[in-house]
There are 2 protein chains.
Amino acid sequence: MKRLFGSPGRKSGLILRIGQCMSAAVSIGVMASAHGFSSTTAFCYLIASMGLQVLWSFGLMCLDIHALRFNKDLHTNIIVSLFVVGDWVTATLSLAAASSSAGVMVLFVTDTNICKSDLNLSCNMIQISIAFAFASWFLLALSSYIMFWLVASI
Amino acid sequence: MKRLFGSPGRKSGLILRIGQCMSAAVSIGVMASAHGFSSTTAFCYLIASMGLQVLWSFGLMCLDIHALRFNKDLHTNIIVSLFVVGDWVTATLSLAAASSSAGVMVLFVTDTNICKSDLNLSCNMIQISIAFAFASWFLLALSSYIMFWLVASI
């Protein structure tokens with residue numbers, strides 16, 4: 001199995017996982033501290049999806065640290081196949097969550113002007129949270145494609 | 001290059017392209033005939049994204065028909081790499097469009113009851129359109145992974 005940039009057990013892979021974990025955690029933190037987010041299902045779903053991504057990326061981050069520390073090889077078929085499925089599911093859910101929140105936000109900002117009229121809704125905070133969710137999805141999509149490439153190139 | 005299920009120039013590939021094209025076209029038709037869709041950006045974006053998908057899938061469908069009729073081989077590196085990039089971009093845009101519309105629809109149906117109070121909005125039609133958009137994305141995602149597998153397994 002090839003040793004690509006971002007593959008499991010490499011420093012670049014660890015950096016990708018840290019990036020995913022951090023941006024998903026920031027997205028949750030900013031959304032949870034925004035006023036009035038809980039009245040919209042899409043924003044609650046964003047928190048749930050980012051929570052799942054934090055758990056997944058944190059788990060793989062720990063595995064990468066373990067592999068780097070003890071010089072273990074994670075390039076086995078079963079491990080990488082599991083990573084592919086997990087990455088694909090979490091990446092799809094993250095993109096869906098970020099997009100649905102962005103769709104609602106565009107409705108609030110441009111279509112209805114709710115953001116200007118409703119002062120109990122922290123629109124800026126919610127937008128920052130959505131931006132971090134997209135960043136987190138992008139990094140996860142990168143990992144997902146690297147894993148898929150590894151499995152396919154056996 | 002392997003000849004997988006759904007790869008270009010095979011009947012299974014053609015069926016996948018026809019499915020993508022048809023479900024995206026139905027999604028556009030149902031959305032365009034729904035009352036009040038144009039006041040929401042997410043629904044207009046769904047039409048634009050499904051329009052792009054119809055064009056892309058229709059083009060590849062014609063190419064598949066040509067290859068099947070004249071027994072041409074589409075399994076060259078450059079062609080399949082182009083298909084991978086195109087499939088990936090359209091699949092990402094389609095999922096984003098379907099999810100953003102779904103997020104807005106959930107807001108209208110469960111969070112605010114706009115669907116019950118605003119009789120000028122054809123909520124059922126919009127929901128059907130979103131369902132077809134998700135079906136179309138799923139078929140495109142299948143094609144996208146098959147193409148990626150083909151490129152990676154060279």
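The values are calculated or read from the model by the stated rules, or taken from the named source; none is laboratory data. Model, not experiment: these values are computed from the prediction. Reconstructed Cβ throughout: ideal geometry from the backbone, glycine too, with neighbour counts over all protein chains shown. Remember, those area values only see protein heavy atoms, side chains included, never the ligands or the DNA or RNA. Shrake-Rupley method; radii C 1.70, N 1.55, O 1.52, S 1.80 Å.
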### Query
Residue check, residue A:108 against (1) within 14 Å of another protein chain (Cβ to nearest Cβ); (2) surrounded by fewer than 16 Cβ atoms within 10 Å (Cβ to Cβ), all met but one. Which one?
(2)
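Restricting to region A:29-47, give me the number of residues that are within 13 Å of another protein chain (Cβ to nearest Cβ) and aliphatic (A, V, I, L, M).
Qualifying residue count for the region: 2.
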### Message
Within region A:65-74, does at least one residue satisfy the condition of being closer than 25 Å to residue B:145 by Cα and in a helix (DSSP H, G or I)?
### Response
no
### Task
Hey, could you check region A:140-154 for residues that are open to solvent by less than 20 Å² (accessible area, probe 1.4 Å) and more than 13 Å from residue B:152 (Cα to Cα) and say which is farthest from the other protein chains (Cβ to nearest Cβ)?
A:143
### Task
Would you point out the residue of region A:67-82, among those that are at pLDDT 85 or above and more than 30 Å from residue A:46 (Cα to Cα), that is most open to solvent (accessible area, probe 1.4 Å)?
A:69
## Note on the structure
Here the residues within region B:1-21 that are crowded, with 18+ Cβ neighbours inside 10 Å and more than 15 Å from residue B:68 (Cβ to Cβ) are B:19, B:20, B:21
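Just for region A:1-59: of the residues that are hydroxyl-bearing (Ser, Thr, Tyr) and in a loop (DSSP other than H, G, I, E, B), which one is nearest to the chain's Cα centre (by Cα)?
At the first step, the residues of region A:1-59 found to be hydroxyl-bearing (Ser, Thr, Tyr) are A:7, A:12, A:23, A:27, A:33, A:38-41, A:45, A:49, A:57.
Checking which are in a loop (DSSP other than H, G, I, E, B) leaves us with A:7, A:33, A:40.
On the way: A:7: 17, A:33: 19, A:40: 20 Å.
Per the criteria, the residue is A:7.
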#### Entry: Residue under evaluation residue A:117, criteria (1) within 24 Å of residue B:95 (Cα to Cα); (2) more than 19 Å from the chain's Cα centre (by Cα); (3) not acidic (Asp, Glu), criterion not met
(1)
### Summary
For region B:83-105 the number of residues that are facing chain A (nearest Cβ under 7 Å) and open to solvent by less than 20 Å² (accessible area, probe 1.4 Å) is 7
## Note on the structure
Of (1) more than 11 Å from the chain's Cα centre (by Cα); (2) under 30 Å from residue B:37 (Cα atoms), residue A:135 fails just (1)
